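Okay, so here's the structure we're looking at.
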Amino acid sequence: MATGGATRDVYVSEVGTRDGLQNVDTVMPTDAKKAWIAAEAAAGVPEIEVGSFVPARLLPQLADTADLVSFARALPDLSVAVLAPNLHGVRAALESGAHRISVPLSVSETHSLANVKKTHAEMFEEIAAMVAAIAERPSQGRPALEVSLSTAFGCTLEGPVPEDRVVAMAERVIELGADDVGLSDTTGYGNPAQVRRLTRRVHAAVGADRMTGIHLHNTRGQGLANVMAALDEGLATIDSSLGGLGGCPFAPGASGNIVTEDLVFLLESMGLYTGIDIEQLLAVRDGVQAALPHETLYGFVADAGLPKGFEYARAALD
Ligand code: ZN
C-alpha cells in the first residue's frame with residue numbers, strides 16, 4: 001500500500017501500463033511509459049502496475065518492465081506492482097524490487113491452458129514455489145503476492161464458470177500462502193449481482209481481509225455498476241486503466257478495463273477520497289495519446305469535462 005498522504009477511502013490501482021499496453025499492438029517507447037507513470041503518480045494515483053514479467057517474444061510491448069520498476073520505485077509514495085504468470089516471472093519481479101506481485105490464475109482451466117499452458121494442479125504447484133521463493137527473501141521488503149482469479153465471472157472459451165470453483169480456488173490459494181486473492185472479470189461478463197454474491201462467498205471462505213480488491217472490465221458497459229456492488233461489499237482496491245486503454249476487439253466502442261478518470265470521478269463525487277486530482281489525470285491522456293496515435297482512448301469525463309462547481313471528497317488534496 002502507498003505510504004504517504006491521508007488515508008484513502010478507495011485505493012485506485014492503475015493497470016493501463018500493463019493490461020492496457022499488452023492489448024495494443026504498438027510498442028510504446030520506454031520514455032513515454034516513464035512519463036505516463038510519473039505523471040499519474042504526480043496526480044495522486046497510489047499504485048501502478050507498470051508491466052509484466054513475461055518473455056519478450058510473447059509480449060514485446062512489456063519487455064522493459066524491469067527498467068520501469070526501478071524508475072517507478074524512485075517516485076515518492078507509489079506502490080509499484082507487476083504481473084508475473086510463473087515462478088520465473090516472480091524471480092524476475094523479486095530482482096526488480098517490485099512492491100506487489102500479481103499472479104493470474106484462470107478459474108477456467110481451458111483458459112489457463114491457453115493463457116499460461118498450465119493445468120490448475122500445475123498452477124497450484126507453481127504458486128507454492130512462488131511463495132517459497134518470496135519467503136527466501138529478508139522479511140523486510142518482501143513484496144505482497146496476490147493471486148488474481150481471472151475469468152471468475154465467465155470465460156470466452158468455457159462460458160459460465162461455477163461459483164463453487166471460484167470459492168474453492170480462492171481457499172486453496174490462501175492455504176498455499178498467497179497474501180491475498182482477487183476477483184478478475186477478465187472477459188467483461190460480470191454483473192453487479194454476481195459481484196455481490198461472489199465477494200460475499202469468497203469473504204466468508206477466506207476472510208474479508210484476504211480479498212480486498214477487484215479487477216473489472218467494461219466490455220459490456222457494466223464496469224461502474226460492478227464497482228458500486230464491489231464497494232457495497234467492502235472492496236476498497238479497484239483496478240482501472242487510463243482511457244480504458246486496451247479496448248476490446250469483441251465489443252467495438254467499449255473500453256477494455258474500466259476507465260480510471262471515470263472511476264475517480266464516480267468515487268470523488270460520492271464523497272469517497274481517492275487522493276487523485278482528476279484534472280491532472282485528464283492531462284496525462286494527452287501524452288499517452290501522442291505516444292499511441294492509433295489507439296482510441298475512452299472515457300465520459302474526458303469528453304464532457306467536470307461539472308460546474310465540482311467538489312472533491314476532500315477539498316484540500318494532499
Ligand atoms: Zn484485465
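The values are calculated or read from the model by the stated rules, or taken from the named source; none is laboratory data. No experiment lies behind these values; they were computed from the predicted model shown. All Cβ positions, glycine included, derive from the backbone under ideal geometry; neighbour counts span all protein chains shown. For accessibility, only protein heavy atoms count, side chains too; no ligands or nucleic acids. Shrake-Rupley method; radii C 1.70, N 1.55, O 1.52, S 1.80 Å.
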Inset, instruction - Work the Kirkwood hydrodynamic radius out for segment 53-211: mean of 1/r over every pair of different alpha-carbon atoms, inverted, in Å. - result: 16.2 Å
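Please compute the Kirkwood hydrodynamic radius of segment 51-143 from all pairs of different C-alpha atoms, in Å with one decimal.
It works out to 13.8 Å.
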Inset, instruction - Tell me which residues come under 5 Å, amide H to amide H, from residue 212 once H is placed; ignore anything under 5 positions away on its chain. - result: 181
Legend entry - Mean separation of Cα contacts under 8 Å, 6 or more apart, over the residue count of the chain: relative contact order %: 19 percent
Inset, instruction - In whole Hz, with x marking every Gly and Pro, tabulate ³J(HN,Hα) for segment 281-295 from phi via Karplus 6.51 cos²θ - 1.76 cosθ + 1.60, θ = phi - 60°. - result: 4, 5, 5, 5, 4, 4, x, 5, 4, 5, 7, 10, x, 9, 9
Legend entry - Highest-MSF residue in the chain out of 280, 194, 140 [GNM, Cα springs under 10 Å]: 140
Legend entry - Compactness of segment 147-198, expressed as Rg and Dmax over alpha-carbon positions, Å: 10.9, 30
Legend entry - Reference-scaled alpha-carbon Rg (2.2 N^0.38 Å with N residues) for segment 95-188: 1.09
Inset, instruction - Determine ³J(HN,Hα), in whole Hz, for all residues of segment 37-44 in sequence, where each value follows from phi through the Karplus function 6.51 cos²θ - 1.76 cosθ + 1.60 and θ = phi - 60°; x replaces Gly and Pro. - result: 4, 5, 5, 6, 5, 5, 6, x
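Under a Cβ-only charge scheme (Lys and Arg +1, Asp and Glu -1), can you give me the dipole magnitude of the chain about the Cα centre, in debye to the nearest 20? Could the numbers behind the result be given before it?
Values: 23 positive and 40 negative charges, 76 e Å.
Its charge dipole is roughly 360 debye.
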Legend entry - Total charge dipole magnitude, segment 205-272, about the Cα centre, Cβ charges on Lys, Arg, Asp, Glu only, Debye to nearest 20: 220 debye
Legend entry - the chain - percent of accessible surface contributed by carbon and sulfur, probe 1.4 Å: 52 percent
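Please report the net charge: other residues with Cβ closer than 11 Å to the Cβ of residue 206, K and R +1, D and E -1.
Details: positive: 172, 201, 210; negative: 171, 175, 180, 209.
With Lys, Arg at +1 and Asp, Glu at -1, the net is -1.
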Inset, instruction - With unit charges on the beta carbon (Lys/Arg positive, Asp/Glu negative), name the residue among 157, 167, 147 whose Cα is farthest towards the positive pole of the charge dipole of segment 121-184. - result: 147
Inset, instruction - First select every other residue whose beta carbon is under 12 angstrom from the beta carbon of residue 84; then total the charges, Lys and Arg +1, Asp and Glu -1. - result: -1
Inset, instruction - Given the options 192, 143, 162, state which has the largest fluctuation in a GNM of the chain using a 10 Å cut-off (strictly under) for Cα springs. - result: 162
Legend entry - Principal axes of the chain: Cα extent on each, largest first, Å: 54, 41, 38
Legend entry - Dipole of segment 193-250, positive direction: furthest Cα of 223, 238, 206, with charges on the beta-carbon: 206
Legend entry - Distant-in-sequence amide H partners of residue 10 (H built 1.01 Å from N, under 5 Å): 273
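What does the C-alpha gyration tensor say about the overall shape of segment 167-291? Classify as rounded when a/c is under 1.5, otherwise prolate if a/b is larger than b/c, or oblate.
Prolate.
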Legend entry - Karplus (6.51, -1.76, 1.60) ³J(HN,Hα), θ = phi - 60°, over segment 172-186, in Hz, Gly and Pro reported as x: 4, 5, 5, 4, 6, x, 5, 6, 7, 10, x, 9, 10, 8, 3
Inset, instruction - Decide, for segment 1-125, between rounded, prolate and oblate: order the square roots of the alpha carbon gyration tensor eigenvalues as a ≥ b ≥ c, take rounded if a/c falls under 1.5, and otherwise choose prolate if a/b is larger than b/c, else oblate. - result: prolate
